[in-house]
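Scroll down for the structure; my scribbles are underneath it.
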Amino acid sequence: MKRDGHVHTPFCPHGSKDSLEAYVENALQKGITSISFTEHAPLPEGFRDPAPTKDSSMSLDTYYEYIEAVQALQDQYRDAPIDIRVGVELDYISGWEQQTLSFLQTHGKSLQDIILSVHFIEVEGKWLCIDYDEEVFRTYVSLCGGIEAAYDRYFQTVEKSVRADFGDHQPPRIGHLTLIRKFKKNFPVSFEWEEKAFELLHLMKTRNLALDYNSAGLRKPLCGETYPSPFLLQAAQKMRIPIVYGSDAHCAKDVGSFFDKL
Ligand SMILES: [Zn+2]
Ligand SMILES: [Zn+2]
């Protein structure tokens with residue numbers, strides 16, 4: 001089975017406007033037999049989107065349209081050799097677990113796939129979308145007091161996301177585990193961070209969580225590697241952690257990108 005478990009849609013305010021059909025047609029052309037649409041879920045009410053352009057995710061109104069559109073797509077492609085799932089990429093926001101749980105309690109039943117991801121981190125009372133761009137990342141690093149502290153805070157937050165208990169509505173998969181490395185060519189590191197990432201894998205194993213094997217970093221010039229980094233993927237394989245390839249495509253042509261290489 002060729003599965004792409006992490007795909008965005010025209011409902012993403014920071015993605016392309018390529019149609020859902022275009023995503024599916026690209027997937028079919030590449031021989032993909034299973035695709036999860038995982039649009040960024042609405043942020044909790046009252047949480048201010050930290051992205052400078054305020055376009056991190058869908059509004060709640062758009063969310064309903066999104067679910068309906070993917071369900072209609074499932075009907076449309078019922079006889080095609082592809083399984084289409086409707087899901088979300090859900091933000092883990094430290095301190096907002098209750099609101100996140102409430103989203104899951106309300107909407108979890110209609111979702112067939114969920115990725116739990118960290119994009120937002122608070123430092124000194126300021127929230128930052130750490131993967132927004134290099135400038136925001138630089139601000140994040142400087143507020144943290146250096147790149148090592150920035151890695152530490154990132155992995156601590158991912159650890160909280162792995163430990164977060166959403167009960168019956170637990171998202172089954174952790175998104176782009178090493179997103180902190182998105183701009184790594186301009187933020188080289190000389191300290192040991194690998195151990196912390198290994199510990200996260202162990203924790204994921206005990207929590208029965210799967211890993212998003214995300215190819216987006218390969219398309220980012222300052223990154224050039226997958227999330228997680230290759231040595232972590234090998235470790236996850238040895239530990240028998242379920243691994244789900246995800247293109248993290250924000251345009252139709254990126255569906256399945258690097259699938260064969262990975
Ligand atoms: Zn996105
Ligand atoms: Zn993401």
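Points worth noting:
- Residues considered: LEU104, LEU60, LEU43. Of these, the only one that is more than 20 Å from ASP4 (Cα to Cα) and within 16 Å of the chain's Cα centre (by Cα) is LEU43.
- Test: residue in the range 175-195 that is farther than 23 Å from PRO221 by Cα, open to solvent by 10 Å² or more (accessible area, probe 1.4 Å), under 18 Å from the mean Cα position of the chain (by Cα) and within 16 Å of ligand 2 (Cβ to nearest atom): no
- The range 4-55, subset more than 16 Å from ASP83 (Cβ to Cβ) and of a type in the set (Lys, Arg), residue least open to solvent (accessible area, probe 1.4 Å): LYS54
- Residue within the range 2-19 that is away from ligand 2 (no atom under 16 Å from the Cβ) and either in contact with a Phe, Trp or Tyr (Cβ under 6 Å, 6 or more places away or on another chain) or part of a strand (DSSP E or B) (or both) present: yes
- Only one of the listed residues (GLU148, GLU124, GLU159) is touching an Asp or Glu at 6+ places or on another chain (Cβ under 9 Å) and open to solvent by 20 Å² or more (accessible area, probe 1.4 Å). That residue is GLU159.
- Filtering ILE67, ILE93, ILE84 for residues that are under 17 Å from VAL244 (Cβ atoms) and modelled with pLDDT of 95 or more leaves a single hit, ILE84.
The values are calculated or read from the model by the stated rules, or taken from the named source; none is laboratory data. No experiment lies behind these values; they were computed from the predicted model shown. All Cβ positions, glycine included, derive from the backbone under ideal geometry; neighbour counts span all protein chains shown. Calculation scope for accessible area: heavy atoms of the full protein, side chains included, ligands and nucleic acids excluded. Shrake-Rupley method; radii C 1.70, N 1.55, O 1.52, S 1.80 Å.
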